[in-house]
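First up is the structure itself, then whatever we jot down about it.
Every read-out reported here was derived from the displayed coordinates using simple, explicitly stated rules and does not represent laboratory data. Model, not experiment: these values are computed from the prediction. Cβ atoms come from the backbone with ideal geometry, glycine included; neighbour counts cover every protein chain shown.
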Amino acid sequence: MHTNKQMLRWTPLALTLAILCACGTTSSRPSIAPTAPAIDCNEHAPGEKLPAYPTNTPMVESVKELIAEGAPVSEWANALQSWIDYSGAQGMWSIKAAGVAQHNNILRGATAACLDAYRKRGVIR
């Protein structure tokens, strides 16, 4: 059996352990949820849209048909001119389309660089 002396020796240790266990389960500090950093790298900005493709006009085949049918020169010259205008419109469209693609590529590159900078600083993963 234990003597009173032995019990008194273990009592402070038992009380300390009981207090530490009780303190470990309840916190006196209010829990504050961490807030996520607000970053904006313009990643949701819509890209530039392609311009409308030019409308179709009479092509070379219709000019060939007019010539074969013996149509007056003014008729097939007008058809040929409209085909030349259409061809020019296609060229302008392709230049604009290349500009749109380049602009969208620059936007995406800037977004990627912005997000990479945040990753490097450890703000985001």
Expressed in nanometres to one decimal, the distance between label points 7 Å along Cα→Cβ at residue 82 and residue 110 is 4.3
Dipole magnitude (debye, nearest 20) for the range 27-125, charges at Cβ of Lys, Arg, Asp, Glu:
1160
Projected area, mean over directions - the range 63-125, Cα convex hull, nm²
5.7
Just grab the label-to-label distance for residue 96 and residue 44, each label 7 Å out from Cα along the Cβ direction, in nm (one decimal).
3.0
